[in-house]
Amino acid sequence: MPLLRPTMVLSHFDLPDEPTFVRKLSLNIVVMGLLTGATLRLYRALILQAGWSNSWAWIAGTFLGGVGILFLLATMHLGNYPVRSWAWRAPLFALLEAAMEVSVSLALTLTGLERIGSLTATIEDWQSSALKIVVVRFLGIVLFALVLAFVSTLVRLVLLPRRPVHQTPQTPQ
């Protein structure tokens with residue numbers, strides 16, 4: 001016997017039997033971590049290859065675009081799981097993301113496509129930036145997960161209705 005019997009209400013919804021492709025991807029921590037790392041490094045390479053501007057709007061926009069990609073993809077993964085499991089998922093996601101970003105950076109450096117500002121990066125530049133990437137991404141994702149956990153818990157407590165507690169009737173004495 002199925003848990004949810006077909007009723008008039010459920011028959012109106014066309015519920016999919018299987019999760020969508022994007023949902024399947026977002027459930028896998030390894031895929032999401034690697035996808036995020038590769039996307040961020042290629043985004044950075046594209047921005048630096050496309051040109052540089054002295055405009056603060058350009059600098060802020062490209063920085064916020066990278067931060068948006070990072071936190072959006074982290075949220076897509078973490079949002080599938082309860083907040084309690086984020087204690088190990090967020091650090092692992094951050095390490096996978098940083099490892100992939102460092103690997104893509106190394107590949108771009110070896111092919112001469114990695115830039116530091118307007119200059120082509122060398123292997124010495126890669127070594128110093130690799131450690132910085134790992135530290136910044138790890139701290140950023142873990143702190144973001146803490147803020148996200150706080151906000152999602154707060155929203156759940158404030159917006160979602162609570163079930164009333166059944167009280168036993170008091171008998172008069």
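Every number here is computed from the coordinates shown, using simple stated rules; none is lab data. Predicted, not measured: the structure shown is a model, and the values here were computed from it. All Cβ positions, glycine included, derive from the backbone under ideal geometry; neighbour counts span all protein chains shown.
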Those residues that are more than 26 Å from Thr120 (Cβ to Cβ) and of a type in the set (Gly, Ala, Ser), I need them from the range 22-75; list them, please. Ser26, Gly33, Ala57, Gly68, Ala74
Just checking, how many residues over the range 90-128 are of a type in the set (S, T, N, Q), surrounded by 18 or more Cβ atoms within 10 Å (Cβ to Cβ) and either outside any helix (DSSP H, G or I) or more than 20 Å from the chain's Cα centre (by Cα) (or both)? 1
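Across the range 17-55, which residue is nearest to Arg137 (Cα to Cα) among those that are of a type in the set (Val, Ile, Thr) and surrounded by 11 or more Cβ atoms within 10 Å (Cβ to Cβ)? Working first, answer last.
Filtering the range 17-55 for residues of a type in the set (Val, Ile, Thr) gives 20, 22, 29-31, 36, 39, 47.
From what is left, the residues that are surrounded by 11 or more Cβ atoms within 10 Å (Cβ to Cβ) are 29-31, 36, 39, 47.
Numbers: Ile29: 16, Val30: 16, Val31: 17, Thr36: 11, Thr39: 14, Ile47: 19 Å.
Per the criteria, the residue is Thr36.
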Could you count how many residues in the range 75-118 are more than 30 Å from Thr153 (Cα to Cα) and not hydrophobic (A, V, I, L, M, F, W, C)? 10
